[in-house]
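Just so it is clear, none of the values below were taken in a lab; they were calculated from the coordinates. The model shown is predicted, which means the values in this text are computed figures rather than measured ones. All Cβ positions, even for glycine, are placed from backbone atoms using ideal geometry, and neighbour counts span all protein chains on display.
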């Protein structure tokens, strides 16, 4: 099947937004004097960046044949359990241990929190946790329902049960994630970008204007507005990247980010926090230095770690378990 390059570029874009959003949040929580404007940027980015990742996961799920790519539903679920579960457990554990021993981090943890990662995801690793259960739900219900029907049922449960005072506990994470993922499993991806350039620009500007208005009125995270911004943000992002994807430097950067998107996603907070702590200990509090250094270190050191893991082969099993196992077994 032909690879969807626009999806790859969008994954690179989403990965950069996740990293940049965490850099801004880290600088702000470290009490570094950063312009108030960036708090708005953080809220705006937060309103759709991971949802874009979830949407693209749904698109790829559909385009790769859904569970049928692994012949049976059980083998598909086992494959996802291994390939999402290994990096989830490994890097959640690393993150918790670092935060429990290093005092200057923004997120305080106890080493015993490792025992709860099966029910309480930490940091950005909730994405892997939620994605696994989404795959389980979609693969299981596809025996009876179409993808749009699964989306409707899951959303009905996710939003309806709390109204009946029925708590969802840790399951609320993947019910919340179902909107973006579900849309990705049934939307006609190719058709949604077939718009005139001026219409695309108008939609992108409208997304920005609505986001600014909701931030000013303190409603961007309010119920219903939050869902509107998720869908609006996904659509606007697709249109934006479709407009600029042929600019060579932009294209190369997005494809580079996509190539290492998993490793950057898993590792970036460790390195951005590390450089922030070093700068603070050196009494460097300029927000520009912190934002630039955090962004650069988050990318460069994550890619460096990915390169080392790939060369050693064995370490790469923490990122790509089944793929690495097959390579090691064939030698």
Could you pull out the residue among 225, 253, 217, 232 that is surrounded by 13 or more Cβ atoms within 10 Å (Cβ to Cβ) and free of Cβ contacts under 8 Å to residues at least 40 places away in the same chain? 225
Taking the condition surrounded by 18 or more Cβ atoms within 10 Å (Cβ to Cβ), over 18 Å from residue 53 (Cβ atoms) and within 17 Å of the chain's Cα centre (by Cα), does residue 270 pass? yes
May I ask you to list the residues in the stretch 279-304 that are more than 21 Å from the chain's Cα centre (by Cα) and more than 17 Å from residue 29 (Cα to Cα)? 282
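Does the stretch 68-78 include one or more residues that are in a loop (DSSP other than H, G, I, E, B) and surrounded by fewer than 18 Cβ atoms within 10 Å (Cβ to Cβ)?
The first filter runs over the stretch 68-78 and keeps only residues in a loop (DSSP other than H, G, I, E, B), leaving 71-72.
Those still in the list that are surrounded by fewer than 18 Cβ atoms within 10 Å (Cβ to Cβ) too: 71-72.
Yes, the stretch 68-78 has at least one match.
Does residue 134 fit the bill of being over 18 Å from residue 47 (Cβ atoms), part of a helix (DSSP H, G or I) and out of contact with any helix residue (DSSP H, G or I) (no Cβ under 8 Å at 6 or more places or on another chain)? Give the steps one after another, and end with the answer.
Details: over 18 Å from residue 47 (Cβ atoms): yes; part of a helix (DSSP H, G or I): yes; out of contact with any helix residue (DSSP H, G or I) (no Cβ under 8 Å at 6 or more places or on another chain): no.
Here the answer is no, as residue 134 does not meet what is asked.
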Tally of residues being free of Cβ contacts under 8 Å to residues at least 24 places away in the same chain and assigned to a helix (DSSP H, G or I) across the stretch 301-322: 8
Among (1) surrounded by 19 or more Cβ atoms within 10 Å (Cβ to Cβ); (2) within 23 Å of residue 209 (Cα to Cα), residue 39 falls short only on (1)
Counting only residues that are in contact (Cβ under 8 Å) with a residue 12 or more places away in the chain and more than 29 Å from residue 8 (Cβ to Cβ), the stretch 189-214 contains a total of 2
Kindly establish whether residue 175 is crowded, with 18+ Cβ neighbours inside 10 Å and more than 30 Å from residue 95 (Cα to Cα). no
Quick one: residue 231 ticks every box in (1) over 22 Å from the mean Cα position of the chain (by Cα); (2) part of a helix (DSSP H, G or I) except a single one, so which number is it? (1)
The listed residue being in a helix (DSSP H, G or I) and over 20 Å from the mean Cα position of the chain (by Cα), out of 92, 109, 100: 100
